[in-house]
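**Student:** Let me give you the structure first, and then I'll get to my questions.
Each reported figure results from applying straightforward, stated rules to the coordinates on display, with no laboratory input. The shown structure was predicted, so the numbers you read here are calculated from the model rather than taken from an experiment. Cβ placement follows ideal geometry from the backbone for every residue including glycine, while neighbour counts extend to all protein chains displayed.
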Amino acid sequence: MKTYLKEIEKIRKILKVPDKRKKFWEENKKNFDRNIKELFEELKKNLKIDKKWRVYVASFSFISEKEIKPYDYDSFSSTNLIAKSEKQGFEIGIFLNKARLGFLSKPTLIPMMMHELKHVEQAARNTLEYVESMFNDKVSEKLEKEAERQTEEEFRKEQIFESVLYCFDLGGWKFAEKMAEFLYKKICKIYGRGYEEAMKEQEYGIFLQAKKEKRIEKFIEYFCNKT
């Protein structure tokens, strides 16, 4: 993880420069599948499941009448039980949504990958409970809480930073505000609850102040003050 933390320092220097950001987002999108594959291969070594289980990872985009934005409800990712029997096999699928994740840098994908891999462990550990979580909100909330916050704080901060800044570059303050509201206010109230607010109160306050001043540099400086 130390290597990825150092990479975050380099990324923040890039994100300070508007002319470099467009290429940065494009490169992340182009390398998304490769980054996911490499992270999965690295992180699955720590999976606490029986070797009989096969875990698949797929990246996808919903076919939709409108483009799904990173702050839309339909930007969710999911880990689903595929089969558990001697004849059908023991299989779990991780589905990662490009609408929410496709533009993020490799280090920033770590929290989501670890979150979904925790769901893999849950599904293999207690299959009936995991299936029940699909229709029992209390069980769903319990499992989501268990899957939350498994990485160092700096990875969460970088995910917030890149998400809001990407939306700003995509659609100005309107899109950036929707992303910030999603991360601060909405994420903990949807998907069966159980999620912590992804964006902290102080970070949201900084964003609102930057919006009031119409100065995105203020938001950038807050995250880059150590680099």
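**Student:** Give me a count of the residues in the stretch 47-67 that are of a type outside the set (Gly, Ala, Ser), free of Cβ contacts under 8 Å to residues at least 60 places away in the same chain and closer than 20 Å to PRO111 by Cβ.
**Tutor:** Selection size over the stretch 47-67: 2.
**Student:** Right, next: With more than 24 Å from TYR166 (Cα to Cα), over 17 Å from the mean Cα position of the chain (by Cα), aliphatic (A, V, I, L, M) and part of a loop (DSSP other than H, G, I, E, B) as the only criterion, which of ILE82, ILE49, ILE63, ILE92 stands out?
**Tutor:** Only one candidate qualifies: ILE49.
**Student:** From GLU177, GLU129, GLU213, which residue is surrounded by 16 or more Cβ atoms within 10 Å (Cβ to Cβ), farther than 27 Å from THR3 by Cα and acidic (Asp, Glu)?
**Tutor:** GLU177
**Student:** Go through (1) within 16 Å of ASN46 (Cβ to Cβ); (2) buried (at least 20 other Cβ atoms within 10 Å of the Cβ) for GLU152 and report which single condition fails.
**Tutor:** The single condition GLU152 does not satisfy is (2).
**Student:** Among ILE36, ILE11, ILE49, which is among the hydrophobic types (A, V, I, L, M, F, W, C) and either surrounded by fewer than 13 Cβ atoms within 10 Å (Cβ to Cβ) or out of contact with any Asp or Glu (no Cβ under 9 Å at 6 or more places or on another chain) (or both)?
**Tutor:** After ruling out the rest, the residue left standing is ILE36.
**Student:** Test LYS200 against the stated conditions and say whether it is among the basic types (Lys, Arg), out of contact with any His (no Cβ under 7 Å at 6 or more places or on another chain) and crowded, with 18+ Cβ neighbours inside 10 Å. Can you show your working first?
**Tutor:** Values: among the basic types (Lys, Arg): yes; out of contact with any His (no Cβ under 7 Å at 6 or more places or on another chain): yes; crowded, with 18+ Cβ neighbours inside 10 Å: no.
No, not satisfied.
**Student:** Further question: Hey, TRP173 hits all of (1) touching a helix residue (DSSP H, G or I) at 6+ places or on another chain (Cβ under 8 Å); (2) part of a loop (DSSP other than H, G, I, E, B) but one; which does it fall short on?
**Tutor:** With (1) touching a helix residue (DSSP H, G or I) at 6+ places or on another chain (Cβ under 8 Å); (2) part of a loop (DSSP other than H, G, I, E, B) applied to TRP173, the lone miss is (2).
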